[in-house]
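The structure appears right after this line, and notes come after that.
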Amino acid sequence: MPVTSLNRRAACLSLLGGMAALAVPFRSDAEARFDERTKVFRLDGDGVTYAFGIDSVGQIQALHWGGSLAVDDPLPAAPKPSDFSGFDRANSVTPLEYVAFGGGLVTEPSLKVAFPDGGRDLVLRYAGHEMTAEGIRVRLKDISAEVHVELTYGMDKATGMLSRSARVYNRTRRPLRIDQMAAATLNLPFADDYELHYLTGRWAGEWTVQKRPLEAGSTVLESRLGMTGSQNNPWFAVGRKDVSEEENGPVWFGALAWSGSWRMVVEKDILGHSRITAGYNPFDFAYLLKPGESLETPVFYAGYSPDGMGGASRRMHRFQRTVILPGAPAPKLRPVLYNSWEATEFAVTEQGQVALAEKAATLGVERFVMDDGWFGKRNNDRAGLGDWTVNREKFPQGLTPLIRRVRELGMEFGLWVEPEMVNPNSDLYRAHPDWVINFKGRPRSEGRNQMVLNLARKEVCDYIIKSLDLLLSENDIAFLKWDHNRSWSEPGWPERPVAEQQRLYVDYTRHLYAILAEIRRRHPRVEIESCAGGGGRVDLGIMRFSDQVWPTDNTDPFDRLKMQDGFSQAYMPGVMMAWVTASPNWVNKRSTSLEYRFLSAMQGCLGIGDNLNHWTPDEFATAKRLIAEYKAVRATVQRGDLYRLISPQDNSPRSATLSVSDTRRQAVLFAFLHSSSKFEPAPLLQLRGLEPQTRYAVRAFAGTVADDTPKVASGAYWMNHGVKLPLRGDFQAAACVFDAV
Ligand code: DGJ
């Protein structure tokens, strides 16, 4: 039924007007304790203990973050803080949980404010605490001003993941400007051999794993883009050099749940203490708090694993699946989808899409997605964004005939949208040129010929909700691919009083989350993919509203192996879309076999993105067979524990991953050979994560296992002896499944 009701419109306004909460709701059922005598707090969950205490001057100091301690282990009270020298006062050399700029601080603050008289000194002291349903709430207050801060701690008992966020309250009688605000500062245990792992990238080249020693000074990971960005991802891991490896050694890690500009500062101070502070990016940031108002940060999630980088990522994956994603703790399996982008680009028509859908259905595809080009005057990327009505030249009867046909073919229908953007050549921009982010009277830079709508403005949010609501109400749409193809420029909001314009950095992203929540509330059956010209918006904030994410526009299956490996450090394969597309690939003209392309894509959530009109009957047969194989193992690939057996990084000629189901009744092995040189025998791959006593039958569903491989053997055999997949040539792949018998 078309939605025209004014009530709904009113509902949008009140929703956004009343929206206050920013934190991702966190189900914390971990044990939280406070020792009155020592003034020590601790949280325990799944082999992890996090502890902090109130020191003699009322500061909150970190005491332990690592493997779990016995319940009755004595955690000593926080030590008395002392200056190191006249240059380095106590607050700069003490491992504080939340660091205020004031009292001579020279290290990275968690919070920096400005009072109307120009004063910027803030000295926070313990003012009380509550043990809450979420965990622990600690209240701090400035030594004289009515500036209050609440630190919120939670821990997910099942995964041992810690959540931390903060909220600052202005209870003074004058406005207070927040210049910098982090969710938390996390202090690492003292060690001198840390190595920092992080992710960098660019369009079509996301998810590069970087490592560097954590030495004296600071490393800044950030986005100034108004979005998460692929230059850095808001994730870090720290291991100990030569001690922490893929499957061994301690690893501390964390991720910020925020999809706007963010910053993570990894510091090692003059005494060798290391800490990580993450939150809003202070770059161009200012948030005015009127008397009585408060500002809340996003959540900084953190974890610890004694089992190397592999253990750390498995913990993160489990946490995403059981806490963060829509449908958690049991999000739906990702259907095999077809996407039209690489086949047709903007040249979508009803007839052309029906022809592709009919072919896709024969393969076993479950969801047909029409990408860009179906709306407004969208024949290229120079027009149409903002006008979310069906292009009647391409679809004379609207979308109904196409959707009806797709449904008859037994598939769901999905649609591409880019709701946050507008082309200057659009009816929307002509009607509302002031709706974009801009500085008054200044040029408006374009990126991909488009501008960013100002989602901080409620009328813009209403327009987006109304347009999408109409589309979803009038059409049988099961899925939206939500794209975002440029970052911010000229970040102005001229309609707002000058002192409040930089709220844009907070309000835009909060409203984006509110829009997504509202769309999901009104259309609970509709699933959403987060895409930002590739992998520019993947983070724990957007994942709360996204069933899946698009990691990169680069669909070359070999390039993807490395990117998928990087992605998997932080995010689970069960949200990572991967399409099989044309060979040679458009990115680098590399040619690979269809089977190789499938096996690379099957490491995540499988999709087909090639032009099926060009396929031979043999290719249809191969694809149909591999899609059926994928469906048989996808629960293990998407939800299982991932073991990166051989990393594709560092130009290694081989790579291999193993996914093991929760029950350990199934494991799926993918092995790749990038290039053969000389006459190297295939290595024995030792599996991990199986039950040693359980017997597993092996079956290769692509390539073969070595002739001398037993058909059935114990988990101990596969883990201690191994399996050999003989591969020869360039860009070769094999895959097998181990099923408990
Ligand atoms: C960028 C996305 O990453 C692509 O997959 C495609 O949807 C295009 N945008 C469409 O404009």
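The values are calculated or read from the model by the stated rules, or taken from the named source; none is laboratory data. Model, not experiment: these values are computed from the prediction. In this analysis, Cβ positions are derived from the backbone assuming ideal geometry, glycine residues included, and neighbour counts consider all displayed protein chains. With ligands, DNA and RNA removed, areas are computed over all heavy atoms of the protein, side chains included. Shrake-Rupley method; radii C 1.70, N 1.55, O 1.52, S 1.80 Å.
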Original post:
Which of the following residues is of a type in the set (Gly, Ala, Ser), crowded, with 18+ Cβ neighbours inside 10 Å and on the phi < 0 side of the Ramachandran plot: 133, 145?
Top reply: 145
Subject >> Failed criterion for residue 228 (all others in (1) farther than 30 Å from residue 453 by Cα; (2) assigned to a loop (DSSP other than H, G, I, E, B); (3) of a type in the set (Val, Ile, Thr) hold) >> reply: (1)
**OP:** Looking at (1) touching a Lys or Arg at 6+ places or on another chain (Cβ under 6 Å); (2) in contact (Cβ under 8 Å) with a residue 60 or more places away in the chain; (3) assigned to a helix (DSSP H, G or I), find the lone condition where residue 315 falls short.
**Re:** (1)
Original post:
How many of the residues in the stretch 404-426 are touching a helix residue (DSSP H, G or I) at 6+ places or on another chain (Cβ under 9 Å), under 30 Å from residue 509 (Cβ atoms), touching a residue at least 40 places away in the same chain (Cβ under 8 Å) and open to solvent by 10 Å² or more (accessible area, probe 1.4 Å)?
Top reply: 1
Original post:
Within the stretch 326-340, can you find the residues that are in contact (Cβ under 8 Å) with a residue 12 or more places away in the chain and open to solvent by 10 Å² or more (accessible area, probe 1.4 Å)?
Top reply: 326, 327, 331, 332, 333, 335
**OP:** Tally the residues that are farther than 14 Å from residue 112 by Cα and surrounded by fewer than 22 Cβ atoms within 10 Å (Cβ to Cβ), restricting the search to the stretch 276-295.
**Re:** 5
Subject >> Set 299, 354, 323: member being modelled with pLDDT of 95 or more and either within 16 Å of the ligand (Cβ to nearest atom) or in contact with a helix residue (DSSP H, G or I) (Cβ under 9 Å, 6 or more places away or on another chain) (or both) >> reply: 354
**OP:** Would you confirm whether any residue within the stretch 371-378 is buried (at least 24 other Cβ atoms within 10 Å of the Cβ), within 16 Å of the ligand (Cβ to nearest atom) and at negative phi?
**Re:** yes
Original post:
Taking the stretch 47-85 as the region of interest, how many residues are in a loop (DSSP other than H, G, I, E, B) and either at negative phi or crowded, with 19+ Cβ neighbours inside 10 Å (or both)?
Top reply: 22
Original post:
Looking at 583, 591, 600, which one is of a type in the set (S, T, N, Q), in a helix (DSSP H, G or I) and more than 16 Å from the ligand (Cβ to nearest atom)?
Top reply: 600
**OP:** Go through the stretch 224-246 and count every residue that is out of contact with any His (no Cβ under 6 Å at 6 or more places or on another chain), in contact (Cβ under 8 Å) with a residue 60 or more places away in the chain and open to solvent by less than 30 Å² (accessible area, probe 1.4 Å).
**Re:** 10
Original post:
Which of the residues belonging to the stretch 527-552 are within 16 Å of the ligand (Cβ to nearest atom), outside any loop (DSSP other than H, G, I, E, B), in contact with a helix residue (DSSP H, G or I) (Cβ under 7 Å, 6 or more places away or on another chain) and closer than 13 Å to residue 570 by Cβ?
Top reply: 549
**OP:** Answer yes or no: is there a residue in the stretch 664-677 that is in contact (Cβ under 8 Å) with a residue 24 or more places away in the chain, surrounded by 16 or more Cβ atoms within 10 Å (Cβ to Cβ), basic (Lys, Arg) and in contact with a strand residue (DSSP E or B) (Cβ under 9 Å, 6 or more places away or on another chain).
**Re:** yes
Original post:
Applying the selection to the stretch 440-457, what residues are over 18 Å from residue 483 (Cα atoms), out of contact with any strand residue (DSSP E or B) (no Cβ under 7 Å at 6 or more places or on another chain) and open to solvent by less than 80 Å² (accessible area, probe 1.4 Å)?
Top reply: 445, 456, 457
**OP:** Restrict the check to the stretch 617-628 and report whether at least one residue is touching a residue at least 60 places away in the same chain (Cβ under 8 Å), open to solvent by 20 Å² or more (accessible area, probe 1.4 Å), in contact with a strand residue (DSSP E or B) (Cβ under 6 Å, 6 or more places away or on another chain) and outside any strand (DSSP E or B).
**Re:** no
**OP:** Among the residues of the stretch 553-573, count how many are in contact (Cβ under 8 Å) with a residue 60 or more places away in the chain and part of a loop (DSSP other than H, G, I, E, B).
**Re:** 5
**OP:** Can you work out which of the residues in the stretch 330-351 that are more than 16 Å from the ligand (Cβ to nearest atom) and more than 17 Å from the chain's Cα centre (by Cα) is farthest from residue 412 (Cα to Cα)?
**Re:** 330
**OP:** Sort through 631, 678, 589 and tell me the only one that's basic (Lys, Arg) and at pLDDT below 95.
**Re:** 678
Original post:
Considering the stretch 466-520 alone, what residues qualify as being within 16 Å of the ligand (Cβ to nearest atom) and small (Gly, Ala, Ser)?
Top reply: 487
Original post:
If you check residue 112 against the conditions, is it in a strand (DSSP E or B) and within 25 Å of residue 268 (Cβ to Cβ)?
Top reply: yes
Original post:
Within the group 476, 469, 483, which residue is more than 30 Å from residue 288 (Cα to Cα) and open to solvent by 30 Å² or more (accessible area, probe 1.4 Å)?
Top reply: 476
Original post:
On the given criteria, is residue 106 among the hydrophobic types (A, V, I, L, M, F, W, C), more than 25 Å from residue 39 (Cβ to Cβ) and not in a loop (DSSP other than H, G, I, E, B)?
Top reply: no
Subject >> Only listed residue being assigned to a loop (DSSP other than H, G, I, E, B) and either free of Cβ contacts under 8 Å to residues at least 12 places away in the same chain or crowded, with 24+ Cβ neighbours inside 10 Å (or both), chosen from 128, 119 >> reply: 119
Original post:
Do the conditions hold for residue 368, that is, is it outside any helix (DSSP H, G or I), away from the ligand (no atom under 15 Å from the Cβ), open to solvent by less than 10 Å² (accessible area, probe 1.4 Å) and among the aromatic types (Phe, Trp, Tyr)?
Top reply: no
Original post:
Only one residue in 201, 205 is closer than 27 Å to residue 556 by Cα and buried (at least 19 other Cβ atoms within 10 Å of the Cβ), so which one is that?
Top reply: 201
Original post:
With respect to residue 396, is the statement that it is of a type outside the set (Val, Ile, Thr), more than 16 Å from the ligand (Cβ to nearest atom) and within 29 Å of residue 491 (Cβ to Cβ) true?
Top reply: no
